[in-house]
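Below is one structure, written out as structure tokens; the observations come after it.
The values are calculated or read from the model by the stated rules, or taken from the named source; none is laboratory data. For clarity, every value in this text was computed on a predicted model and none was experimentally measured. Positions of Cβ are generated from backbone atoms using ideal geometry, with glycine treated the same way; all protein chains shown enter the neighbour counts. Each accessible area value is taken on the protein alone, full model and side chains, heavy atoms only, with ligands, DNA and RNA left out. Shrake-Rupley method; radii C 1.70, N 1.55, O 1.52, S 1.80 Å.
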Number of protein chains: 2
Amino acid sequence: MLSLEAIQAAAERARPRVMRTPVVPVSDGNWLKLEPLQPTGSFKVRGFFAAALALSSEQLERGLLTVSAGNAALACAHVAQQLGVPCRVVMFDSAPEPKLEGVRQLGGEPILMPRDRLLDWMGQRGWESEPETFIHPFADEVVQAGHGGIGLEIVQQVPQVRRVVVPVGGGGLAIGVAGAVKALKPEVEVIGVQSDGYPLWVRTFEEGAPPSVTPHTIADGTAAPYDAGMHERLRDCVDRWLAVPEGNLRRAVAQLAVAGKVVTEGAGALGYAALELLPEGPETVAVISGGNVSPDLLASLLDENC
Amino acid sequence: MLSLEAIQAAAERARPRVMRTPVVPVSDGNWLKLEPLQPTGSFKVRGFFAAALALSSEQLERGLLTVSAGNAALACAHVAQQLGVPCRVVMFDSAPEPKLEGVRQLGGEPILMPRDRLLDWMGQRGWESEPETFIHPFADEVVQAGHGGIGLEIVQQVPQVRRVVVPVGGGGLAIGVAGAVKALKPEVEVIGVQSDGYPLWVRTFEEGAPPSVTPHTIADGTAAPYDAGMHERLRDCVDRWLAVPEGNLRRAVAQLAVAGKVVTEGAGALGYAALELLPEGPETVAVISGGNVSPDLLASLLDENC
């Protein structure tokens, strides 16, 4: 588990540059923590600011490099732009167009790779031969600690919290949030959520070993690969796993827009979709992680579900 | 102008029941105050809680009655439900279905009238022969003072604010916000915004007398009738008027969803649509007033503009 001190220091560094996002009630005893309101539309700026502001000036001036399903790319480009250094991002060539265009608008340069080649590049630590300073989007402990700022805020905003629901892709968000919440309130249950259209971690923990799965989900933000190091760390901090049926997830994006007035991407709505699958009772905060959905997908989800 | 003391007292009464909504940056020097995140999806709960909590218990127990284009109806029903008293609401028979259904779900009873009959009912103070305690959705000074809580928060959240942009329907929101902001920072310019599809106040102030206009706008929340008393009060507190072209407004709803991650109704997006029509420079906060848009309208605005 990350130390509380590391999380507090990381959150402190990021604080002037990120939003203290609101927590809004959504149904009896259930709350949503609204990370889509962050700059670049997701929680990722928390970890990337925490990591970039911990670099030496020599490291920072070489520019930033990351690899991303989309949101880490936007966050890294934004952080680099704010700090005045260049940025390149390795991305799936299937990334939604708004995420690609967003990276370019923030002055970042996407490097597109097919899924298999990108996973190879990650497995072979392709970044080591590149000139920039690489920030790993989920395995970097300083990034994870920065995301932990969400957990610190949840405990302040909903002191009676008993359950925290977190979407899981690479796992960095869950590790950061759980680290903060459990350090301050060890009795809180942390629930990891994925879509049944890419239940990588759910099945890894059920079966003891990583399954072979290909993403068939609107939660593109959770399509990160298996990583043995993350497996260890997720085991320590996630108490329960849930796979949300993909149909529920599609409905959840529409419901959040109509009832919650918040635009979410598939991964972003996982925590909300999980609420109806959990036994009622304990005060629960679901982390709504991001809102970078393509307009045409949002429009079809509204048409389909309302 | 409302007194600062009246606004502070009203905001204080409402505070435990309403949200201190976030202010998010949207472009250089421009901020959005996000009232769609309030219970019932608009700012109206602020004024209705302030008013209902100022009633005697005898007045409150008679139940609440209001008249509304939609958002005041939802707010009144919610307030009555929270305080354990019945509620009826006179509404246009053209009110969007989500607003009608929302009132019923909150235990309120809509009384539907065609536009002309409803305006007659208001002109003749039809509520005086009804058993409940009537809360006027925009002409009631305690309601206006409750809305003023938005202005108090804006000055705390963006102390460098120089301009505040407010959508105007009946006028209660503008009077409350302007009262608070100008009492604390008299140099702030208050800009009232309507759609050119129902530019009632814009033309009233241009021409010196109320024009004959029929609403042709997605900003259904601004379709309130002319009222001589409101005319006086708006003259005192709104420094400048802007009519946003209806096409810009339709685009603004889509842009706010995609870029701002916030779902807004037509009236709610007026302040955002106004930003691009204003000269750049002064730090500006636009009040985003509500998010109760029908899912099919939101889907078509996304299809049309993205």
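Going by what's in this entry, would B:Ser68 be described as modelled with pLDDT under 95, of a type in the set (Gly, Ala, Ser) and crowded, with 24+ Cβ neighbours inside 10 Å? Lay out the reasoning, then the answer.
On the way: modelled with pLDDT under 95: yes; of a type in the set (Gly, Ala, Ser): yes; crowded, with 24+ Cβ neighbours inside 10 Å: yes.
Spelling it out, B:Ser68 is indeed modelled with pLDDT under 95, of a type in the set (Gly, Ala, Ser) and crowded, with 24+ Cβ neighbours inside 10 Å.
In region B:171-227, the qualifying residues are those that are among the β-branched types (Val, Ile, Thr) and out of contact with any Leu (no Cβ under 8 Å at 6 or more places or on another chain), and the one that is farthest from B:Arg117 (Cα to Cα) is B:Val188. The single condition from (1) in contact with a Cys (Cβ under 9 Å, 6 or more places away or on another chain); (2) at pLDDT below 95 that A:Pro25 fails is (1).
Quick one: in region B:1-21, of everything that is open to solvent by 40 Å² or more (accessible area, probe 1.4 Å) and among the aliphatic types (A, V, I, L, M), which residue is nearest to B:Ala267 (Cα to Cα)?
Step one: of region B:1-21, the residues open to solvent by 40 Å² or more (accessible area, probe 1.4 Å) are B:1, B:3, B:5-6, B:8-9, B:12-13, B:15-17, B:20.
From what is left, the residues that are among the aliphatic types (A, V, I, L, M) are B:1, B:6, B:9.
Details: B:Met1: 24, B:Ala6: 26, B:Ala9: 27 Å.
Per the criteria, the residue is B:Met1.
Entry remark, region B:268-306: residues being at the interface with another protein chain (Cβ under 8 Å from one of its Cβ atoms) and open to solvent by less than 10 Å² (accessible area, probe 1.4 Å) number 4 in total.
With respect to B:Ala50, determine if the residue is under 27 Å from A:Leu34 (Cβ atoms) and either buried (at least 17 other Cβ atoms within 10 Å of the Cβ) or modelled with pLDDT under 95 (or both). Against the criterion (under 27 Å from A:Leu34 (Cβ atoms) and either buried (at least 17 other Cβ atoms within 10 Å of the Cβ) or modelled with pLDDT under 95 (or both)), B:Ala50 qualifies. Among residues of region B:170-196 that are among the basic types (Lys, Arg), those with a Cβ under 9 angstrom from a residue that is open to solvent by less than 10 Å² (accessible area, probe 1.4 Å), sequence gap 6+ or separate chain, pair up as B:Lys182/B:Gly151; B:Lys182/B:Val188; B:Lys182/B:Val190; B:Lys182/B:Cys237; B:Lys185/B:Val161. Within the bounds of region A:73-90, is there any residue that is open to solvent by 10 Å² or more (accessible area, probe 1.4 Å) and modelled with pLDDT under 95? Looking for residues that are open to solvent by 10 Å² or more (accessible area, probe 1.4 Å) and modelled with pLDDT under 95, one finds none in region A:73-90, hence no. Where residues in region B:185-202 are of a type outside the set (A, V, I, L, M) and farther than 10 Å from B:Leu242 by Cα, which of them is surrounded by the most Cβ atoms within 10 Å (Cβ to Cβ)? Going through the qualifying residues, I end up with B:Tyr198. Number of residues in region B:130-166 that are of a type in the set (Gly, Ala, Ser) and either in contact with a Cys (Cβ under 9 Å, 6 or more places away or on another chain) or surrounded by fewer than 22 Cβ atoms within 10 Å (Cβ to Cβ) (or both) equals 1.
Considering A:Pro96, A:Pro131, A:Pro86, which residue is in contact (Cβ under 8 Å) with a residue 12 or more places away in the chain and either closer than 15 Å to A:Pro225 by Cα or in contact with a Ser or Thr (Cβ under 7 Å, 6 or more places away or on another chain) (or both)? Don't jump to the end; show me each part of the working.
Working: A:Pro131 fails: either closer than 15 Å to A:Pro225 by Cα or in contact with a Ser or Thr (Cβ under 7 Å, 6 or more places away or on another chain) (or both); A:Pro86 fails: either closer than 15 Å to A:Pro225 by Cα or in contact with a Ser or Thr (Cβ under 7 Å, 6 or more places away or on another chain) (or both).
Matching residue, one of A:Pro96, A:Pro131, A:Pro86: A:Pro96.
Within region A:93-129, the set of residues being open to solvent by less than 20 Å² (accessible area, probe 1.4 Å) and closer than 24 Å to B:Val258 by Cα comprises A:Ala95, A:Lys99, A:Leu100, A:Gly102, A:Val103, A:Gly108. For region A:205-222, residues that are open to solvent by less than 30 Å² (accessible area, probe 1.4 Å) and under 26 Å from A:Lys182 (Cα atoms) total 1. For region B:22-37, filtering for residues that are farther than 15 Å from B:Leu173 by Cα and open to solvent by less than 80 Å² (accessible area, probe 1.4 Å) leaves 10.
Taking the stated definitions as given, is A:Gly179 surrounded by fewer than 24 Cβ atoms within 10 Å (Cβ to Cβ), modelled with pLDDT of 95 or more and on the phi < 0 side of the Ramachandran plot? In short, no. Residues in region B:269-294 that are within 19 Å of B:Glu101 (Cβ to Cβ) and at pLDDT 95 or above were compared, and the one that is farthest from the chain's Cα centre (by Cα) is B:Gly291. Does region A:105-145 hold any residues that are within 22 Å of A:Phe49 (Cβ to Cβ) and part of a helix (DSSP H, G or I), and which are they? Matches in region A:105-145: A:Gln105, A:Trp127, A:Glu141, A:Val142, A:Val143, A:Gln144, A:Ala145.
Just wondering, is there one or more residues in region B:248-267 that are more than 21 Å from B:Val213 (Cα to Cα), away from chain A (no Cβ under 12 Å) and in a helix (DSSP H, G or I)? Checked against the condition, which is being more than 21 Å from B:Val213 (Cα to Cα), away from chain A (no Cβ under 12 Å) and in a helix (DSSP H, G or I), region B:248-267 yields at least one hit.
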